[in-house]
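See structure below.
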Amino acid sequence: MTIISNKINAMKILVTGGAGYIGSHSCIELAASNHQVVILDNLCNASPFSVARAEKLAETRFRLLQVDLRDAQAVHQVFERERFDAVVHFAALKAVGESVEQPLDYFDNNVGGSIHLLQAMRAHGCKRLVFSSSATVYGNPDSVPVNEDAPLRVTNPYGRTKLMMEDMIRDTCAADPEFSAILLRYFNPVGAHPSGEIGEDPRGIPNNLMPYICQVAVGRRECLSVFGGDWPTVDGTGVRDYIHVVDLARAHAHAINTLEHAHHAATTLNLGTGQGVSVLQLVRAFEQASGRKVPYEIVARRAGDVAEVYADPQRARDVIGWQATRGVDAMCADAWRWQSQNPDGYISA
Ligand code: NAD
Ligand code: WQD
């Protein structure tokens, strides 16, 4: 593989969790903004193939440091060896059900890992951070669309780790007026790079709707279980704000570019399209995009689910000049391209 790197780099950025689903797409967008990317990932939920493919798509090198954020000393060494202008912090465990069964692992990994990262940043004078938060911090919102001032009420250990990490970052900004951070609350990231080269590759049975639909369409699973047909929504199935992962990735480049020029004391931004889409609407859009049938059956509601959540994304537009540009059809077409070209995920790379 020939690696071409003749760009003038604006900033050197450490991307934790950069080998993962959203991280790998974001590295490409950061490189497209001329930033130099170094990935820190312990590969606990990612394949090194994702990094190799992202490098090829970006036509540049992303150095991968195989480091675990739980190892405080190793994290300090990363910052001792080289200077970073900013950090984009994706690394976390993210499965809601698993977090209920193994809460301490989630606090250890997500909160403990973030403490080590923030300590190392502080010790080495790195004062710009973009953080992956989640709409899960809104729990069951009182009304939709949800804006950033809505009450925060987490309902599971994963969500609690995200809120604790947000609070830690807010407190860090309060303690050091030079520390600058943008906290991005993602709604429901789906889709893949339009090349079909990188995408979401869950281990085991997918927890989330889109990867489950993809695996049914490609023949890895027989039938989609639709959790509840009696929600007070347009067609009785749950409504969410699905956002194309490339749009989400672009938002990270916007956030980093904003931090380069302006100070933000822990500004929180929703990242969504502002459009609610039901489970059955997504299934139909996927069938249309893929030309495949997605058999489904309506089963009981899933514990902890809510009827309808979608974003008010206006603040992201105002603060970082970003808005989503890709609709559900592109999300489905790109998810299907990735799945059909890589039916077993990166294993077949
Ligand atoms: P992912 O699992 O694909 O990526 C996370 C990456 O972090 C993986 O590559 C994993 O190997 C790495 N990692 C985890 N713990 C680590 C540790 N201790 N040290 C080093 N690396 C570690 O998940 P994703 O979907 O790309 O999510 C990225 C971030 O976005 C996460 O923080 C997640 O909580 C957040 N988020 C995701 C969603 C979603 O639906 N995918 C929604 C909202 C927020
Ligand atoms: C979407 C809709 C389900 C699977 C989760 C996390 C949240 C965030 C994003 C990280 C719902 C229905 C699902 C299936 C179904 N992640 N569904 N059959 O629950 O909105 O959010 O991912 O931060 O924290 O909770 O996303 O994709 O699981 O579900 O009918 O097999 O699809 O009931 O209505 P969710 P999801």
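The values are calculated or read from the model by the stated rules, or taken from the named source; none is laboratory data. As the structure is a prediction and not an experimental result, all values here were calculated from the model. Here the Cβ positions follow ideal geometry from the backbone for every residue, glycine too, while neighbour counts run over all protein chains shown. Keep in mind that these areas ignore ligands, DNA and RNA; they rest on the heavy atoms of the full protein, side chains included. Shrake-Rupley method; radii C 1.70, N 1.55, O 1.52, S 1.80 Å.
The set of residues in segment 200-220 that are of a type outside the set (S, T, N, Q) and either in contact with a strand residue (DSSP E or B) (Cβ under 9 Å, 6 or more places away or on another chain) or on the phi > 0 side of the Ramachandran plot (or both) comprises Glu200, Gly204, Leu209, Met210, Pro211, Tyr212, Ile213, Val216, Gly219.
Just to check your reading of the model, which residue among Arg63, Arg83 is open to solvent by 30 Å² or more (accessible area, probe 1.4 Å), touching a residue at least 40 places away in the same chain (Cβ under 8 Å) and among the basic types (Lys, Arg)?
On the way: Arg63 fails: touching a residue at least 40 places away in the same chain (Cβ under 8 Å).
After ruling out the rest, the residue left standing is Arg83.
Screening Phe49 on (1) surrounded by fewer than 24 Cβ atoms within 10 Å (Cβ to Cβ); (2) within 16 Å of the chain's Cα centre (by Cα) shows it passes everything except condition (2). Among the residues that make up segment 160-179, is at least one of them within 9 Å of ligand 2 (Cβ to nearest atom) and out of contact with any Lys or Arg (no Cβ under 9 Å at 6 or more places or on another chain)? Checking segment 160-179: not a single residue is within 9 Å of ligand 2 (Cβ to nearest atom) and out of contact with any Lys or Arg (no Cβ under 9 Å at 6 or more places or on another chain). If you filter segment 278-312 down to residues that are within 22 Å of Pro194 (Cβ to Cβ) and part of a loop (DSSP other than H, G, I, E, B), you find that the one that is nearest to the chain's Cα centre (by Cα) is Val294.
For every residue, the table says whether it meets (1) without any contact (Cβ under 8 Å) to a residue 12 or more places away in the chain; (2) more than 23 Å from Asp312 (Cβ to Cβ); (3) within 16 Å of ligand 1 (Cβ to nearest atom).
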site	(1), (2), (3)
His193	no, yes, yes
Gly196	no, yes, no
Pro206	yes, yes, yes
Cys214	no, yes, yes
Val218	no, yes, no
Ser225	no, yes, no
Gly228	no, yes, no
Gly238	no, no, yes
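Among the residues of segment 240-258, are any within 16 Å of ligand 1 (Cβ to nearest atom) and of a type in the set (Phe, Trp, Tyr)? Within segment 240-258, one or more residues are within 16 Å of ligand 1 (Cβ to nearest atom) and of a type in the set (Phe, Trp, Tyr). For segment 326-340, indicate whether the set of residues that are assigned to a loop (DSSP other than H, G, I, E, B), more than 20 Å from the chain's Cα centre (by Cα), on the phi < 0 side of the Ramachandran plot and in contact (Cβ under 8 Å) with a residue 12 or more places away in the chain is non-empty. Scanning segment 326-340, I find no residue that is assigned to a loop (DSSP other than H, G, I, E, B), more than 20 Å from the chain's Cα centre (by Cα), on the phi < 0 side of the Ramachandran plot and in contact (Cβ under 8 Å) with a residue 12 or more places away in the chain, so the answer is no.
Condition test on Asn34, is it in contact (Cβ under 8 Å) with a residue 24 or more places away in the chain, touching an Asp or Glu at 6+ places or on another chain (Cβ under 7 Å) and not hydrophobic (A, V, I, L, M, F, W, C)? For Asn34, the condition - in contact (Cβ under 8 Å) with a residue 24 or more places away in the chain, touching an Asp or Glu at 6+ places or on another chain (Cβ under 7 Å) and not hydrophobic (A, V, I, L, M, F, W, C) - is not met.
Return the residue satisfying two criteria in turn: it lies in segment 287-327 and is in contact with a His (Cβ under 9 Å, 6 or more places away or on another chain) and among the small types (Gly, Ala, Ser), and of such residues it is least open to solvent (accessible area, probe 1.4 Å). Walk me through how you get there before you give the answer.
Just the residues of segment 287-327 that are in contact with a His (Cβ under 9 Å, 6 or more places away or on another chain), to begin with: 316, 319-322, 324-327.
When the remaining residues are screened for being among the small types (Gly, Ala, Ser), the result is 316, 321, 324, 327.
Values: Ala316: 0, Gly321: 52, Ala324: 29, Gly327: 38 Å².
Residue satisfying both the conditions and the ranking: Ala316.
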